[in-house]
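The values are calculated or read from the model by the stated rules, or taken from the named source; none is laboratory data. Remember, it's a predicted structure, so these values are computed and weren't measured experimentally. Here the Cβ is made from the backbone with ideal geometry for all residues, glycine too, and neighbour counts use every protein chain on show. Surface accessibility is based on the protein's heavy atoms, side chains included, excluding ligands, DNA and RNA. Shrake-Rupley method; radii C 1.70, N 1.55, O 1.52, S 1.80 Å.
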Amino acid sequence: MKTKSFYFLTIVLLVCALKLVQIGYKRIHFSTDLFLNSFKKNFGEEHAVSENVLEAKKLILQSQISNFNLSNELVVNAYFRQRIIELSYPIRLNRNSKFLIAKNSEVIKCKLKSESKKFKFYEC
Amino acid sequence: MSVKTFYTPDWKLIRISCFISLAVFCNYLLWAINSYSFLKYFNFSLLIFLILNFLINKDFKDHNYVRLFFICLLVLSLGSVTTDWDARSVWLFHAKRIFFDNNLYSGFDNYEPELMNAYPLLAPSLSATLAKIVGYWNEIFPKSTNIFVLLPALLVQCSFLKNYKLNLIWLMFILLFSGRILVNGRTDGLVAMYFVSNCLIIFSLFIENKINYGTRRKDRKLNEIFLLASGIFTGITLTLLKNEGFVLMLIIFLTTILYKAINKKSFKSKELIFWIIIFSPFVMWKLMTIYHGVYPRILGYGVDDISIYERITGRLLHLNSYKLFITYLILNEKFILSLIIFSFVLYKNFTNNKTMFTFVLLNVISYYILLYIIFLGASWDLEMTLNSSAHRVLVSIVLAFSFFSIYTFKNKTIKL
């Protein structure tokens, strides 16, 4: 009876352990670095969003504004639009804002305030 | 002399679960009434104290696997960033808004309306409180409070299973069937767990009535109050997690009424008060959203201009809709596996658990039918909608099937 119970426990615990490992490493990309720094300010942004979004956020933060607008090319990119809204909050996306983020390749007839590798920040 | 079998849940677990869910609800309530910050922090400290009490108190030494399970989920949640679309753009974004604007109703300005500003915000409000205590925001720790919200539901379930082997099997099923959605910041896993807990409590309280509340009179009274309170708080939590949670609670309520009507049982005033308390916070939230012009973006809103009726009939006449429904709502491996387990247990134990099987099936089938209606009327492309959400909404059914399959093997009973 005891042996049966032992086998049962071993099997169930093994399944649980394997599943936890699978969830951790395959499904949610668990990292000990993230765990150890989980309460650090702004930590993990580079893991959560793409480099483009981080670059755009940096431009927005440097400009010390309360709202911004996205160029037509950027606004149709659902991923970029969504992530920049989340990441830059409390600075808000506003379609009437005079501050505009655009791709470097876009031609915008506004005053260039600052730029990064991929983006330009304009005041219109 | 008639012999009736009574079941004894673990009352210590019920009590701690009741206190934890009370603290979770109080956090929401304090945000809702815009109370002083120190009260929210005090309540949160109390919540941490209760959780620590469960983790280290010798009274719960029989539940070491549950403790370990909770810690593992917490570690997984704290060791991963929030990348999931809904988790980021709906739940964590609302938590971030509450944190920065210091206001539960910040979504009422309707900023970015496609981000579901009308959703109830019980889980995000707890994340916001933790962020307030920490003092800043990041992409990792705020979602970990979902594991705190999960704990009362889990404790209620385990308290009824009693036997540690059954507990362990249940924990294994939770991991196998819901796993990732419990730790990635979404609320679908929480909804599924609370659906199971609410079915269980309401079945035990109002349908089966076979609970042994204790031998001493004082204990009996106290335990009954704790189970009732636990039912109220898990019910409120389910309705305030997500609109879908409210629908599930409504299904449980209607099923209870139906069951009582069929069996010619009376609906006591105590039960009426119970249900009124459960639905009140959700109704109040919805009235406030309507007052502020924030409406749920569900049926009737979308990318086309056709009515729901036209959309449903159009899809019913289209063969491809049936293929999609079979693929996503029937041929889901977790759904099939849980259905096989449930069918096997039903076949084996039906005579002893007739009432329980009927109650669970009534709830699950009602929800399953409702899913088809909702998907038929969904405003976005059917395949896209099913692909992104069918597996998440099916988890409630999958967990209900698996839990109640194990529940029929409860063995710590006494005959009075």
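Some points to look at:
To keep it simple, each residue is scored yes or no on (1) of a type in the set (A, V, I, L, M); (2) more than 19 Å from B:Leu241 (Cα to Cα).
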position: B:Pro9; (1), (2): no, yes
position: B:Cys18; (1), (2): no, no
position: B:Phe44; (1), (2): no, no
position: B:Phe49; (1), (2): no, yes
position: B:Arg67; (1), (2): no, yes
position: B:Ser77; (1), (2): no, no
position: B:Val81; (1), (2): yes, yes
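- Members of the stretch B:282-328 found to be more than 23 Å from B:Asn110 (Cβ to Cβ), charged (D, E, K, R) and at pLDDT below 90, listed by number: B:Glu310, B:Arg311
- Some residue of the stretch A:88-98 being open to solvent by less than 30 Å² (accessible area, probe 1.4 Å), in contact with a Phe, Trp or Tyr (Cβ under 7 Å, 6 or more places away or on another chain) and without any contact (Cβ under 8 Å) to a residue 24 or more places away in the chain: yes
- Residue ID - nearest to B:Lys286 (Cα to Cα), chosen from residues in the stretch B:118-135 that are touching a Phe, Trp or Tyr at 6+ places or on another chain (Cβ under 7 Å) and without any contact (Cβ under 8 Å) to a residue 60 or more places away in the chain: B:Pro124
- When B:Phe19, B:Phe54, B:Phe6, B:Phe42 are screened for being not small (Gly, Ala, Ser) and not in a helix (DSSP H, G or I), only B:Phe6 passes.
- Any hit, the stretch B:183-197, residues being away from chain A (no Cβ under 14 Å), open to solvent by less than 10 Å² (accessible area, probe 1.4 Å) and not in a helix (DSSP H, G or I): yes
- Among the residues of the stretch B:140-153, not a single one is away from chain A (no Cβ under 14 Å), at pLDDT below 95 and open to solvent by less than 10 Å² (accessible area, probe 1.4 Å).
- Search result, residues across the stretch B:75-117 that are in contact (Cβ under 8 Å) with a residue 60 or more places away in the chain, closer than 18 Å to A:Val49 by Cα and more than 10 Å from chain A (Cβ to nearest Cβ): B:Asp86, B:Ala87, B:Trp91
- Among residues of the stretch A:27-66 being more than 9 Å from chain B (Cβ to nearest Cβ) and of a type in the set (Lys, Arg), the one that is least open to solvent (accessible area, probe 1.4 Å) is A:Lys57.
- Taking the stretch A:83-108 as the range and being of a type in the set (D, E, K, R) and away from every other protein chain (no Cβ under 11 Å) as the test, the residues that pass are A:Arg95, A:Lys98, A:Lys103, A:Glu106.
- Residue under evaluation B:Met284, criteria (1) open to solvent by 70 Å² or more (accessible area, probe 1.4 Å); (2) over 20 Å from the mean Cα position of the chain (by Cα), criterion not met: (2)
- A:Ile108 vs. criteria assigned to a loop (DSSP other than H, G, I, E, B) and touching a strand residue (DSSP E or B) at 6+ places or on another chain (Cβ under 8 Å): yes
- Hey, B:Ile174 buried (at least 24 other Cβ atoms within 10 Å of the Cβ) and either modelled with pLDDT of 95 or more or more than 10 Å from chain A (Cβ to nearest Cβ) (or both) or not: yes
- Options B:Tyr291, B:Tyr328: the member that is open to solvent by 70 Å² or more (accessible area, probe 1.4 Å) and aromatic (Phe, Trp, Tyr): B:Tyr291
- Selection count where residues are open to solvent by 50 Å² or more (accessible area, probe 1.4 Å) and acidic (Asp, Glu), scope the stretch A:67-87: 1
- For B:Pro296, the criteria (1) more than 18 Å from B:Phe375 (Cβ to Cβ); (2) touching a residue at least 60 places away in the same chain (Cβ under 8 Å); (3) outside any helix (DSSP H, G or I) hold in every case but one, which is (1).
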